[in-house]
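Below: one structure, written as structure tokens.
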């Protein structure tokens, strides 16, 4: 096995300073950024079928920039004016700052956690127990947020506003990769949807995160590289070490 062409199932990095470009140059390999999945909004009709009135809520919980985009997109489509006193609880500061794309950022109404986990927001939410929390979600999500709200007796509603769909390959696209890197179970599912008779052969498969690793194994595929690890906390660090060892 020798690695010369790698498919990374994510969008191309915006910055040329990405470690992926350093790896490509260092080992003289070609790295192609080609997402296997894409995110799309529900239609206003699909959203209304959930019988949720956004204006019944006083606080919105955002777990990603996707959730922000699709929340405000649906509000615009349904001609809903979000009140200026609406509060926003965001999983990270990066997500919180992204709100500026849609509303004026005011510290008194935007709150964020420090760990990237939803429970980091709990102390601030408990200080505001009278708020009614609305949580925009993807069609694929866990029960972690619901369990946290219920355990702490906070009024909340989870609502699906966007979904993950397969970003299908066209017949013209070459599929001549020596290695593929996945970041979500949905990406693995999209591979099998596009290529139901997929034969892995010598193609190396890498993944990031335990849930993606589980999906690879459940698909009866060989997992050649898994990150993060103690020695390789990022996918790029793991990839660098893997190519170094594989290509000699």
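None of the figures in this text is laboratory data; all of them are computed from the coordinates on show. All of these numbers come straight from a predicted model, not from anything done at the bench. Note: ideal-geometry Cβ built from the backbone for every residue, glycine included; neighbour counts use all protein chains shown.
Each peptide in 105-112, 61-68, 1-8 receives the mean, over its residues, of other Cβ atoms within 10 Å, and ordering these scores from highest gives 61-68, 1-8, 105-112.
The length gained on full extension between residue 43 and residue 219, counted as 0.36 nm times the residue separation minus their Cα-Cα distance, comes to 60.2 nm. Per-residue ellipticity at 222 nm from helix content only, as computed over the chain with -39500 (n - 2.57) for each DSSP H run of at least four residues, stands at -8500 deg cm²/dmol.
Peptide packing for 79-91, 193-205 was compared via the average number of neighbouring C-beta atoms within 10 Å per residue; ordered from the highest value, the list is 79-91, 193-205. Inter-label distance, residue 129 to residue 165: 4.4 nm, where each label sits 7 Å from its Cα along the C-beta direction. The modelled label-to-label distance for the pair residue 34/residue 146, using points 7 Å beyond Cα in the direction of Cβ, is 3.7 nm. Each residue, residue 73 and residue 211, gets one label point 7 Å from its Cα in the Cβ direction; the gap between the two is 2.0 nm.
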